[in-house]
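J.: There's a structure below that I have some questions on.
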Amino acid sequence: MTGVICGTGACVPDRILDNNEIAEFVDTSDQWIQERTGVIRRRIAVKETTSSMAAEAGRQAIEEAGIKPEEIDMILAATATPDHIFPCAACEIQEKLGAVNAVCFDLNAACSGFLFAYQTAQAYIVSGMYRTILVVGSECLSRIVNWEDRGTCILFGDGSGAAVLRAAEGRNWVSAAHSDGKGGPALLCQGPNAEESGKTGNLPGQAQPEGDGGKRPGISMDGKAVFQFAVRKVPEVVREVLDANGLTAEDIDWFILHQANKRIVESVAKRLKTDISKFPMNLQEYGNTSSASIPILLNEMNRRGMLKKGQKLMMAGFGAGLSWGAAVLEWGI
Ligand code: COA
């Protein structure tokens, strides 16, 4: 028993923010951003939210799967930017889709989120606990980006992607995932309870520090450290998954990597001694959409007819945590 993807969907905000527009408020240029990252433009949520985009992506995936929302046993939303701390995004998506029989929860593994959620969904299906699972990656990163930091604000975008997994007879591929909490400071976004927020508590009458209580919120990153981590760990985990399944890189038709940076994808391809044409990219259009990037790309390839039944896909995610992982699947649509 395994989970087979039988429908995909994606939704991105209408508002396009290109590099030239960013260069109007931070000291950067279209040329610098394109050369260092490959990003040309990204989408920014204005009226859209994490759950509204996720529901639209989910609706498309359900439609393609040819099922009713009531048939979904579980909604798993990978997000680091839910609309609310609670209820979770997955419950909000459930309500919007009318998936009344689904159990719903969120999973935060930053840019590895979709990959980890896919593995979690597979584990539920393989155990026999659930048969039909909607996995969504959805982010409004523009809400947590520090728009004064040119080192990070150029990288990220908003969007959502989804896939429906259904239990079917088939090979249960081995996947892999890893975390390294020691690397946490390399890519960090402080939350309301973070030590560095300077807050001392919330009891009535308790004194709070002056001003904003500490560091400006938003994503902070050691770009070089994250780059080094990605180009070392992604090929490593891809090889781990290939070996565990008795496959070689030649057996894989498409490598669907988290869309963080063109130079990272190119470097991974080189280290795996595999032609770059097997590494599709759309980061030039959307930037880094974190947990949404893999399912947005998967949906784009699916809708363009690039994926053929029986082809082998290798998905690989990496990001804050630090965290990274890979999973191989056979395309079933
Ligand atoms: N525009 C122009 N100059 C910029 C800039 C920008 N947007 N951002 C940084 N710079 C400057 C720096 O200030 C530095 O100037 P200095 O030499 O005068 O100090 C110079 O460019 C080089 O900066 P550096 O940080 O060393 O650049 P880099 O080659 O490492 O590229 C990243 C920066 C962020 C593009 C790169 O490190 C990267 O892609 N890292 C991975 C990030 C990532 O993918 N994160 C998410 C993973 S899920």
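The values are calculated or read from the model by the stated rules, or taken from the named source; none is laboratory data. These figures come from a predicted structure and were not determined experimentally. Every residue, glycine as well, gets a Cβ built from its backbone with ideal geometry; the counts of neighbours run over all protein chains shown.
J.: Among (1) at pLDDT below 95; (2) within 22 Å of residue 79 (Cα to Cα), there is one condition residue 202 misses while meeting the rest; what is its number?
T.: Answer for residue 202: the failing condition is (2).
J.: Continuing with the same structure: In the range 1-40, what count of residues is obtained for those that are under 30 Å from residue 308 (Cβ atoms) and modelled with pLDDT of 95 or more? Give the steps one after another, and end with the answer.
T.: In the first step, residues of the range 1-40 are kept if they are under 30 Å from residue 308 (Cβ atoms); the result is 1-12, 38-40.
Okay, now just the ones that are also modelled with pLDDT of 95 or more, so 2-12, 38-40.
Going through the range 1-40 one residue at a time, the tally reaches 14.
J.: Could you tell me which residue of the range 1-23 is surrounded by the most Cβ atoms within 10 Å (Cβ to Cβ), considering only residues that are out of contact with any strand residue (DSSP E or B) (no Cβ under 6 Å at 6 or more places or on another chain) and of a type in the set (S, T, N, Q)?
T.: That would be 19.
J.: Anything in the range 283-297 that is part of a helix (DSSP H, G or I) and either free of Cβ contacts under 8 Å to residues at least 24 places away in the same chain or touching a strand residue (DSSP E or B) at 6+ places or on another chain (Cβ under 6 Å) (or both)? List them, or say none.
T.: Taking the range 283-297 and keeping what is part of a helix (DSSP H, G or I), we get 283-286, 290-297.
If the condition is that a residue be part of a helix (DSSP H, G or I) and either free of Cβ contacts under 8 Å to residues at least 24 places away in the same chain or touching a strand residue (DSSP E or B) at 6+ places or on another chain (Cβ under 6 Å) (or both), then 286, 290, 291, 292, 294, 295, 296, 297 are the ones that fit.
J.: On to the next question. Could you check the range 63-91 and list, in sequence order, the residues that are more than 22 Å from residue 189 (Cα to Cα) and either surrounded by fewer than 24 Cβ atoms within 10 Å (Cβ to Cβ) or aromatic (Phe, Trp, Tyr) (or both)?
T.: Correct list: 63, 64, 65, 66, 67, 68, 69, 70, 71, 73, 91.
J.: A further question on this structure: Any idea which residue in the range 105-157 is nearest to the ligand (Cβ to nearest atom), counting only those that are over 24 Å from residue 180 (Cβ atoms) and part of a helix (DSSP H, G or I)?
T.: The qualifying residue nearest to the ligand (Cβ to nearest atom) is 142.
J.: For the subset of the range 250-282 comprising residues that are assigned to a loop (DSSP other than H, G, I, E, B) and among the hydrophobic types (A, V, I, L, M, F, W, C), which member is nearest to the ligand (Cβ to nearest atom)? If you could, list the steps in order and put the result at the bottom.
T.: Of the range 250-282, the ones assigned to a loop (DSSP other than H, G, I, E, B) are 252-253, 258-261, 272-275, 279-282.
Okay, now just the ones that are also among the hydrophobic types (A, V, I, L, M, F, W, C), so 252, 260, 272, 279, 281.
Numbers: 252: 22, 260: 4, 272: 18, 279: 15, 281: 13 Å.
Among them, the one singled out is 260.
J.: Considering only residues of the range 39-65 that are under 16 Å from residue 296 (Cβ atoms), aliphatic (A, V, I, L, M) and part of a loop (DSSP other than H, G, I, E, B), which is nearest to the ligand (Cβ to nearest atom)? Steps first, please.
T.: Pass one, the range 39-65, residues under 16 Å from residue 296 (Cβ atoms): 39-45, 48, 50, 52-61, 64.
Still in the running and aliphatic (A, V, I, L, M): 39-40, 44-45, 53-55, 57, 61.
Among the residues that remain, those that are also part of a loop (DSSP other than H, G, I, E, B) are: 39-40, 45.
Values: 39: 9, 40: 14, 45: 19 Å.
Among residues in the range 39-65 that are under 16 Å from residue 296 (Cβ atoms), aliphatic (A, V, I, L, M) and part of a loop (DSSP other than H, G, I, E, B), the one nearest to the ligand (Cβ to nearest atom) is 39.
J.: So which residues in the range 24-38 are surrounded by fewer than 14 Cβ atoms within 10 Å (Cβ to Cβ) and more than 10 Å from the ligand (Cβ to nearest atom), if there are any at all?
T.: 24, 25
J.: Could you please find all residues in the range 225-241 being surrounded by fewer than 21 Cβ atoms within 10 Å (Cβ to Cβ) and more than 14 Å from the ligand (Cβ to nearest atom)?
T.: Those that are surrounded by fewer than 21 Cβ atoms within 10 Å (Cβ to Cβ) and more than 14 Å from the ligand (Cβ to nearest atom): 236, 239, 240.
J.: Here is a further query. Under 9 Å between Cβ atoms, which residue pairs at least 6 apart in sequence (or on different chains) link something in the range 86-99 that is touching a residue at least 24 places away in the same chain (Cβ under 8 Å) and closer than 8 Å to residue 55 by Cα with a partner that is outside any helix (DSSP H, G or I) and hydroxyl-bearing (Ser, Thr, Tyr)?
T.: Short answer, once both residue conditions are applied: 93/138.
J.: Looking at (1) more than 13 Å from the ligand (Cβ to nearest atom); (2) out of contact with any His (no Cβ under 9 Å at 6 or more places or on another chain); (3) touching a residue at least 12 places away in the same chain (Cβ under 8 Å), which is the only condition residue 68 fails?
T.: So the condition that residue 68 fails would be (3).
J.: Can you tell which of 90, 77 is aliphatic (A, V, I, L, M), modelled with pLDDT of 95 or more and assigned to a helix (DSSP H, G or I)?
T.: Values: 77 fails: assigned to a helix (DSSP H, G or I).
Being aliphatic (A, V, I, L, M), modelled with pLDDT of 95 or more and assigned to a helix (DSSP H, G or I) holds for just one of 90, 77, which is 90.
J.: Something else now. Could you tell me whether residue 164 is hydrophobic (A, V, I, L, M, F, W, C), modelled with pLDDT of 95 or more, surrounded by 22 or more Cβ atoms within 10 Å (Cβ to Cβ) and over 17 Å from residue 44 (Cβ atoms)?
T.: Values: hydrophobic (A, V, I, L, M, F, W, C): yes; modelled with pLDDT of 95 or more: yes; surrounded by 22 or more Cβ atoms within 10 Å (Cβ to Cβ): yes; over 17 Å from residue 44 (Cβ atoms): yes.
Yes, satisfied.
J.: Select from the range 270-282 the residues that are β-branched (Val, Ile, Thr) and either in contact with a Ser or Thr (Cβ under 8 Å, 6 or more places away or on another chain) or in contact (Cβ under 8 Å) with a residue 24 or more places away in the chain (or both) and list them in ascending order.
T.: Step one: list which residues in the range 270-282 are β-branched (Val, Ile, Thr), which gives 274, 276.
Scanning the range 270-282 gives a single hit, 274.
J.: Okay, next question. Identify, from the list 321, 310, 332, the residue that is assigned to a loop (DSSP other than H, G, I, E, B) and at pLDDT below 95. Steps first, answer last, please.
T.: Numbers: 321 fails: at pLDDT below 95; 310 fails: at pLDDT below 95.
Matching residue, one of 321, 310, 332: 332.
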